[in-house]
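These notes concern the structure reproduced below.
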Amino acid sequence: KGPGKISCLWIRIRAPEGVSQTERTALLRALVFRMRWDGSSKASIEAPLGDFFCNALEYRPFASMPLAFVDSTYVCRFPMPFRKAALAELVNDGSMPVSVETGWTVEPLDPAGEEVR
């Protein structure tokens, strides 16, 4: 809460043991990633997890400055500023249970939107 900027967000998902590669890949479309800022009722980001992280059809490691999939972890480094609050959701629209770990780095901003040092 309060003015800030998400500078890094990471997500790691784990399918249950014994799941086929086809079922694991289906998770990339069944998990929907959403983000909202400052109390908005409409998501500014809404996409299947795999689509957002350039892995729509398969688990494929890659690394770029803003996005990556390394060591089974999805990483987003797009700067995401907000004035009041940010809300990230990962919704499972599929029937397979999945374990999820997340983390983020939030930098405080002053009310004018400048970084606090």
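In the condition set (1) assigned to a loop (DSSP other than H, G, I, E, B); (2) within 16 Å of the chain's Cα centre (by Cα); (3) touching a residue at least 60 places away in the same chain (Cβ under 8 Å), V32 is compliant with all but (1). Taking only the range 88-106 into account, find how many residues are surrounded by 13 or more Cβ atoms within 10 Å (Cβ to Cβ) and part of a loop (DSSP other than H, G, I, E, B). So the answer is 3. What about D110, is it at pLDDT 95 or above and more than 13 Å from L9 (Cα to Cα)? The answer is no for D110.
Which of the residues that make up the range 54-87 are open to solvent by less than 40 Å² (accessible area, probe 1.4 Å) and either in contact (Cβ under 8 Å) with a residue 24 or more places away in the chain or among the β-branched types (V, I, T) (or both)?
Here is the first cut: in the range 54-87, the ones open to solvent by less than 40 Å² (accessible area, probe 1.4 Å) are 55-56, 67-69, 73-76, 80, 82, 85.
N55, A56, T73, Y74, V75, C76, M80, F82, A85, listed by residue number.
Within the range 104-117, none of the residues are under 14 Å from the mean Cα position of the chain (by Cα) and of a type in the set (D, E, K, R). For the range 8-34, the set of residues classified as crowded, with 17+ Cβ neighbours inside 10 Å and of a type in the set (D, E, K, R) consists of R24 only. Based on this model, can you work out whether A43 counts as open to solvent by less than 40 Å² (accessible area, probe 1.4 Å), out of contact with any Gly (no Cβ under 8 Å at 6 or more places or on another chain) and part of a loop (DSSP other than H, G, I, E, B)? Criteria met by A43.
The values are calculated or read from the model by the stated rules, or taken from the named source; none is laboratory data. Predicted model, so just to flag it, every value in this text is computed and none were measured. Here the Cβ is made from the backbone with ideal geometry for all residues, glycine too, and neighbour counts use every protein chain on show. Keep in mind that these areas ignore ligands, DNA and RNA; they rest on the heavy atoms of the full protein, side chains included. Shrake-Rupley method; radii C 1.70, N 1.55, O 1.52, S 1.80 Å.
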